[in-house]
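Presented below is the structure to which this report refers.
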There are 4 protein chains.
Amino acid sequence: MVSEKIREHLLRDKFAESLGIELLELREGYAKCSMIVRDAMLNAHKIAHGAAIFTLADFAFAAACNSYGQVAVALEVKINFLDAVKSGTRLIGEASEEAVTKRIGLYHLTVRDEGGKLIASAQATAYRKQEWFGGRGQ
Amino acid sequence: MVSEKIREHLLRDKFAESLGIELLELREGYAKCSMIVRDAMLNAHKIAHGAAIFTLADFAFAAACNSYGQVAVALEVKINFLDAVKSGTRLIGEASEEAVTKRIGLYHLTVRDEGGKLIASAQATAYRKQEWFGGRGQ
Amino acid sequence: MVSEKIREHLLRDKFAESLGIELLELREGYAKCSMIVRDAMLNAHKIAHGAAIFTLADFAFAAACNSYGQVAVALEVKINFLDAVKSGTRLIGEASEEAVTKRIGLYHLTVRDEGGKLIASAQATAYRKQEWFGGRGQ
Amino acid sequence: MVSEKIREHLLRDKFAESLGIELLELREGYAKCSMIVRDAMLNAHKIAHGAAIFTLADFAFAAACNSYGQVAVALEVKINFLDAVKSGTRLIGEASEEAVTKRIGLYHLTVRDEGGKLIASAQATAYRKQEWFGGRGQ
């Protein structure tokens, strides 16, 4: 179970807030969130910007890898874009822990539309610092 | 040389515009742009959000891979985050073509602060469609 | 179901053969294989070489993405190494299709030891050529 | 300058040796090596196996990131394959340090043929352990 303190910390994310990203579920090593693609998130080809899709996946990743209350920072993220998305679409981002060692966490991220179609898939590595902002380390 | 038509097309990017990203240089296979980190781009740890840094790199990538007037879409991007950035910092994003085949383009992306310190480095693959919005294909 | 012709084609892989890799299962979009780590596969730190582990994952990937009889080539592979492996260990490599479009296939690859411990995890993109060596395209 | 002790350690790599990989140059943060593609390194399509090409890049990476005498292990490698290679071709692999922090090193890897054509390009992350096998740490 993730404490209220940890959840509050994660919701201080200003960039995710500015895109209207909502945190739907949070468990240790797992997070699910949503975002509605708005006109301000489109690219020059008038479809959802890859970077907006990335932001949703990345927020889920940050929530999942920080869910223990231990400060975790992104080392790297590799994302594949699979399908185009129109303005108005509601997207669901999920991050699931594949493996965790003392220092490193590996996460699988997906972004899907409400029909379940895979829009993007990513693999992300977190570096776990010896610092806690909540949870068992405190 | 990149035509005005191509440049105008690239500047229709609403998401880049909403983050105040500016296109500084554009040549075939190369682009350079800038972004000032604002408070609305911070993450829960109060440093520049990885996704905002990604957006700068991704805009440079989109500009570089579409610089021929041939529609190119991102297949995948892999980004490494190397250093934390505070609010107010001006970042420079660059994308350079490493290789291009009929269908595929490979780009190396960097994000640096004004002192030249490497903040993020990425490798990105574009898929080149048989469609043109400007340039030699028209 | 994968035809005998397709299976025979995949088994012509000389590099996989030279490492003693065996194909255990093959379905459309999925493959499972095994490899025993030998002394000749160790690195300077006397543990299994990352490139040997990669080879097992990559063979599973090649089998899965070519399982339709359509020629598919690797565009890129991104692999995370999670744990060290000693000589003598039997490893299991699996590749599963995450998504497939007309031109592109995305695969999730894992390498585990016989106890199920995750040794490496990868995400791989294939480009599907308009050529067939077997299957429905012929 | 890299000491003889460090160089000898790197040359204990049995897997690289089994593929005939030679170390041509070694400086702190940089390595260059070569490999001749043999029939035993071909894949089912009778071109050089991606995993053999990866092995050359990975050996250059291991040499470059261990060049300080500090034990460095691969966290992840992301490789793009750009061109097919025939048996008999001599390939040159290079690894150059892009950035290094206390714990992490980022490297850019290339594999080229003797004419300089880019065959593969990779980005690789090393984790630097608090252990030394040679050099300044001892």
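The values are calculated or read from the model by the stated rules, or taken from the named source; none is laboratory data. Please read all numbers here as calculations on a predicted model, not as lab measurements. Every residue, glycine among them, receives a Cβ derived from its backbone with ideal geometry; neighbour counts consider all protein chains shown.
Is it true that D:LEU109 is closer than 20 Å to D:VAL2 by Cα, crowded, with 22+ Cβ neighbours inside 10 Å and not small (Gly, Ala, Ser)? Spelling it out, D:LEU109 is indeed closer than 20 Å to D:VAL2 by Cα, crowded, with 22+ Cβ neighbours inside 10 Å and not small (Gly, Ala, Ser).
For residues that are over 17 Å from D:GLU28 (Cβ atoms) and part of a strand (DSSP E or B), scanning just segment D:100-111, find the one that is nearest to the other protein chains (Cβ to nearest Cβ). Among residues in segment D:100-111 that are over 17 Å from D:GLU28 (Cβ atoms) and part of a strand (DSSP E or B), the one nearest to the other protein chains (Cβ to nearest Cβ) is D:THR110. Within segment A:76-92, the only residue that satisfies the criterion of being within 11 Å of chain B (Cβ to nearest Cβ) and over 26 Å from B:VAL71 (Cα atoms) is A:GLU76. Of the residues B:ARG7, B:ARG12, the single one that is facing another protein chain (nearest Cβ under 8 Å) and either exposed (fewer than 15 other Cβ atoms within 10 Å of the Cβ) or not in a loop (DSSP other than H, G, I, E, B) (or both) is B:ARG12. Take segment B:38-68 and flag every residue that is buried (at least 24 other Cβ atoms within 10 Å of the Cβ) and β-branched (Val, Ile, Thr). Of everything in segment B:38-68, those that are buried (at least 24 other Cβ atoms within 10 Å of the Cβ) and β-branched (Val, Ile, Thr) turn out to be B:ILE53, B:THR55. Regarding C:LYS102, is this residue surrounded by fewer than 19 Cβ atoms within 10 Å (Cβ to Cβ), touching a Lys or Arg at 6+ places or on another chain (Cβ under 8 Å) and closer than 24 Å to B:LEU75 by Cβ? Criteria met by C:LYS102. Candidates A:GLU114, A:GLU97: the one that is under 16 Å from C:GLN123 (Cβ atoms) and away from chain B (no Cβ under 14 Å) is A:GLU97. For first residues located in segment C:92-107 and closer than 14 Å to C:ALA62 by Cβ, partners that are among the charged types (D, E, K, R) and crowded, with 23+ Cβ neighbours inside 10 Å and lie 6+ apart or on another chain with Cβ distances below 9 Å form the pairs C:GLY93/C:ASP58; C:ALA95/C:ASP58. Scanning segment A:76-97 for residues being crowded, with 21+ Cβ neighbours inside 10 Å, aliphatic (A, V, I, L, M) and assigned to a strand (DSSP E or B) gives a total of 4.
For segment C:18-75, filtered to residues that are facing chain D (nearest Cβ under 8 Å) and part of a strand (DSSP E or B), the residue that is farthest from B:TYR107 (Cα to Cα) is C:LEU42.
Only residues that are in a strand (DSSP E or B), touching a residue at least 60 places away in the same chain (Cβ under 8 Å) and within 9 Å of another protein chain (Cβ to nearest Cβ) were counted in segment B:121-134, giving 1.
Would it be correct to say that D:LEU42 is in contact with a strand residue (DSSP E or B) (Cβ under 6 Å, 6 or more places away or on another chain) and among the hydrophobic types (A, V, I, L, M, F, W, C)? No, not satisfied.
When A:ALA60, A:ALA74 are checked against the criterion of being of a type in the set (A, V, I, L, M, F, W, C), at pLDDT 95 or above and farther than 14 Å from B:LYS78 by Cα, a single residue qualifies: A:ALA60. Keeping to segment D:11-31, report how many residues are of a type outside the set (A, V, I, L, M) and without any contact (Cβ under 8 Å) to a residue 40 or more places away in the chain. Number satisfying all stated conditions: 7. Selection of segment C:86-117 for residues being more than 13 Å from C:SER34 (Cβ to Cβ) and more than 15 Å from the chain's Cα centre (by Cα) yields C:LYS86, C:SER87, C:GLY88, C:ALA99, C:VAL100, C:THR101, C:LYS102, C:ARG103, C:ILE104, C:GLY115, C:GLY116, C:LYS117.
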